[in-house]
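Have a look at this one before I ask anything.
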Amino acid sequence: MLQAIRDKAQGWIAWAIVTLISIPFALWGIQQYLGGGSEVVVAEVDGQEITGQQLDRRYQQFRQNLRTRLGAAYRPEMFDEKQMRKQVLEDIIRASLIAEEAQRLGLRAGDAMVRRAIMSVPAFQKDGRFDREAYERAVRLQGLVPAAFEQRLRQSLVADQLSLAVSSSAFVTDTELKDSVRLRRQLRKVRYFVVPAAEFKSEKTIPEADLKAYYEKHQNRFMAPEQVKLDYIVLDVNKIAESVKADDASLKAFYEEHIGDYRKPEERRVRHILIAVDQKADKAAEETARKKIERAMKRIQAGEDFAKVAKEVSEDPGSASQGGDLGFFGHGIMDPAFEKAAFSHGKGELVGPIRTQFGYHLIEVEDIKPAKTRTFAEVRKEVLARYRKTEAEKRFYDYAERLSDLAYEDPDSLEPAADALKLKIEHSDWITREGGKGALASPKVTAAAFSDDVLNEGHNSEVIETGPEQALVLRVVDHRAANVKPFEEVKGQIEAQLREQQTREKAEAAAKALLERLQKGEGFKTVAANREIKTPAPIGRVESKGAQVPQSLRNAVFRLPRPQKGKPSYATVPLGKGDIAVVALDSVEDGSPDKLSKEELDQERKAMMRARATAYFDHFVEELRRKAKIEIKPLASEP
């Protein structure tokens, strides 16, 4: 349609159209003209509006974080989208309440605090130092500009101040600490044996009618996930580097510009003798140390071996046993006074006494490696690789901007962008919301591929940065909605599930019968029959080397009542894969504060205070919510 207008609307007709369109834009603004002024409001907190756009943005971030954390375990069908959107909205409301209260209390986060917080984030650093490009790139990946990110960070820092102010009131009494230790450090002694599901496995054929009945009743378990096929264009710094041409003139200019990177500075090998003396020592101690060095120097000048004297006299624990040898080192390594002496004398010269912060030194220069600059011929291949990489990085951002413009200007095809940039259009196989492989493995790719604009409207995506040196733009070329797999395709799977279910039920029934026998007074060994009885070391609430038992069994043991008058408490516990453990709890030993060191008690107290501080702040926010005027409007997906 737009192309048709461009083709036909020429001359005065085109200018008339532009003029007519421009008038309402100028009077009311493009947002009002397009209806953008009537943003959907999904909630109000004390008169402050939360828009649908805010909710959508935060929801997409939540989905992306969830997908990243779960990785291959992520299954969209496992989550109720309506409930997740409600939870995200609740989080926005909570943040709004906290920000409002922080403002009322006059809490602020100054520019210096925000700057320090930004510079301390590892993702914004390169080689251990803050890197502006890394910062801006990471912010863009979140769909933000630096100003918006800094405002969000400022709000987060203020919220942290409020949280700290509330939670710092938490404290733990000695009685509470003792009770916590008694429960948290409690040990339970158990015996158990396992009823294996394999004992009850049957190969008996399951009637097809039963398989079909199960299929009809549990069709949600046999869903083929939603899938798409993609066309995409990849920008990769390494690929761009391969196409960069370079003549010797350009390479030599690059070499001269970075000559310092190809220069190896002078190094010296030195041995020394140290007589240690504190910087604040009195004159007598200073004089004693100096005289020791002078005596050592006279011995060496008289012909004694430096290494022999160093082993006898030197007080440097690191080098004395090595005859004082410090090996080769360059500038900026040693104490300034030591370094100045070492680099201002020739090979074989004896220098001293030299005063440093450690004491008095006697120095001998053993060898010198002069500074050396590798020639252009020696490093041409290295220079070429660096030049290509540097030029490719410059072109990468230019190409990315051009790709973004071209994909937007012609949203129904990638061919114009590919032709203009001389890039190849790649084609994917079917991929799900779990993601694809290679360049398509990023969660940001699947988020874009399954977005409304790309999937339903058929547009090209925006440029997606999938790594510091890679980006791509994509479009959906085929789509399969989620659907129930045919019965024949999942028949074998259903049969295996039913067989496993029957086996598990038989194992549970057998274990229950054994439990009833124990509860009626039969002996544990008698009931176990030929099964192995396991007696682990006493079990704590957390795993320990002495008592490695399945977590499900550990959890069940700490739910059992204490044994009464030497009579064990019994239970059955599913262990996974259909196996069932039959457990006897024989005794309970409470934790004792007297058996803990002061450091361990401090750790217990701190853990309790952290948990209590979190609870205090949650209660505080709930009280803010109770007092606030909050109106939640029906979400778009609700009737």
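We did not get these values from a lab; they are worked out from the coordinates using the rules stated. Quantities reported herein were computed from a predicted structural model and do not represent experimental measurements. Ideal geometry is used to build each Cβ from the backbone, glycine not excepted, and the neighbour counts take in all protein chains shown.
If you plug each phi of region 506-520 into the Karplus form 6.51 cos²θ - 1.76 cosθ + 1.60 with θ = phi - 60°, what whole-Hz ³J(HN,Hα) values come out, in order, with x for Gly and Pro?
With coefficients 6.51, -1.76 and 1.60, one gets 5, 5, 5, 5, 5, 5, 5, 5, 5, 4, 4, 5, 5, 5, 8 Hz.
Hey, with R₀ at 30 Å, roughly what FRET efficiency would Gln87 and Trp430 work out to, going by the Cβ-Cβ distance, to 0.05?
0.45
Val477's amide H: which non-local residues (gap 5+, or another chain) put their own amide H closer than 5 Å, with H modeled 1.01 Å from N in plane and none for Pro or chain starts?
Residues meeting the criterion, in which the H sits 1.01 Å from N, are Lys229, Leu230, Asp231.
Hey, rough spin-label estimate for Lys280 and Ala615, points 7 angstrom out along Cα→Cβ, what's it come to in nanometres?
About 4.8 nm separates the two model spin labels.
Here is a further query. List every residue whose amide H lies under 5 Å from the amide H of Asp586, counting only residues 5 or more places away in sequence or on a different chain, with H placed 1.01 Å from N in the peptide plane.
Lys189, Val190, Arg191
For Val484, enumerate residues with amide H under 5 Å from its amide H, sequence gap 5+ or separate chain, H modeled in the peptide plane.
Amide H to amide H, under 5 Å and 5 or more residues apart or across chains, Val484 pairs with Ala224.
While we're here: Take the residue pairs Lys252/Lys369; Lys229/Lys437; Lys201/Lys485 and return only those whose Cα atoms are more than 23 Å apart.
Flagged as over cut-off: Lys252/Lys369; Lys201/Lys485.
Also, quick follow-up: With 10 angstrom as the radius, rank Asp231, Asp405 by how many other C-beta atoms surround their C-beta, starting from the fewest.
Asp405, Asp231
Once phi is turned into θ = phi - 60°, what whole-Hz ³J(HN,Hα) does the Karplus curve with 6.51, -1.76 and 1.60 give for every residue of region 94-105, x standing for Gly and Pro?
Calculated HN-Hα couplings, in order: 4, 4, 5, 5, 5, 5, 5, 5, 4, 5, 4, 7 Hz.
Please compute the length gained on full extension between Asn238 and Arg559, using 0.36 nm multiplied by the number of residues separating them and subtracting their Cα-Cα distance.
109.7 nm
Compute the separation of the alpha-carbon centres of region 505-531 and region 94-114 and state it in Å as a whole number.
That distance is 62 Å.
Okay, moving on. Return the distance in nm (one decimal) between the two label points of a simple spin-label model at Thr288 and Asp56, each offset 7 Å from Cα along Cα→Cβ.
8.1 nm
At a Förster distance of 45 Å, what's the computed FRET efficiency of Lys629 paired with Glu226, Cβ-Cβ distance as r, to 0.05?
0.65
Taking the simple approach of a point 7 Å from Cα along Cα-to-Cβ for both Asp602 and Lys381, what is their distance in nm?
5.7 nm
Cα centroid distance between region 227-246 and region 556-624, in Å?
55 Å
Along region 528-533, what does the Karplus equation 6.51 cos²θ - 1.76 cosθ + 1.60 (θ = phi - 60°) give for ³J(HN,Hα), rounded to whole Hz, x for Gly and Pro?
Result, ordered by residue: 5, 6, 8, 6, 6, 8 Hz.
Same structure, new question: Going by average Cβ neighbours within 10 Å, how do the peptides 341-348, 448-455 rank, with the highest at the top? Provide the component values of the computation, followed by the final result.
Details: 341-348: 14.9, 448-455: 18.2.
Top of the packing list down: 448-455, 341-348.
Mind checking Rg over Rh on the chain, alpha carbons, Kirkwood formula for Rh?
1.08
Where a Cα-Cα gap under 17 Å defines reach, which aspartates and glutamates qualify for Lys491, not counting those fewer than 8 residues away within the same chain?
Cα-Cα hits under 17 Å: Glu203, Glu208, Asp210, Glu216, Glu500.
Dipole of the chain, Cα-centred, from +1 at each Lys and Arg C-beta and -1 at each Asp and Glu C-beta, to the nearest 20 debye?
2580 debye
Computed FRET efficiency, Cβ-Cβ of Lys245 and Ala420, R0 30 Å: what is it to the nearest 0.05?
0.95
Could you put Leu235, Leu211 in order, starting from the residue whose Cβ has the fewest other Cβ atoms within 10 Å?
In order of increasing Cβ crowding within 10 Å: Leu211, Leu235.
Which of the lysines could a cross-linker span from Lys308 if the Cα-Cα distance has to be under 19 Å and same-chain partners fewer than 8 positions apart are dropped?
Lys291, Lys292, Lys298
Let me ask something else about it. Extension gain Glu208-Gln161, at 0.36 nm per residue separation less the Cα-Cα distance, in nm?
10.5 nm
Using Cα pairs under 8 angstrom and six or more residues apart, how large is the relative contact order of the chain, in percent?
24 percent
Among Ser344, Ala615, Leu553, whose Cα projects farthest towards the positive end of the dipole of the chain, with charges put on the beta-carbon of Lys, Arg (+1) and Asp, Glu (-1)?
Comparing the listed Cα positions along the dipole, Leu553 ranks first.
Pull out the extension gain between Gln125 and Lys369, defined as 0.36 nm times the separation in residues minus the alpha carbon to alpha carbon distance; nm, one decimal.
Working it through step by step, the gained length comes to 84.4 nm.
Within 10 Å of each candidate Cβ there may be at most 13 other Cβ atoms; applying that plus a DSSP loop requirement, which trypsin sites (Lys or Arg not before Pro) in region 225-313 survive?
Lys245, Lys280
Calculate the dipole size of region 138-242 relative to its Cα centre from +1 charges on Lys and Arg beta carbons and -1 charges on Asp and Glu beta carbons; express the result in debye to the nearest 20.
Approximately 640 debye in magnitude.
Let me ask something else about it. Under a point-charge model restricted to the Cβ atoms of Lys and Arg (+1) and Asp and Glu (-1), what is the dipole moment magnitude of region 266-370 relative to its Cα centre, in debye to the nearest 20?
The calculated dipole for region 266-370 is roughly 240 debye.
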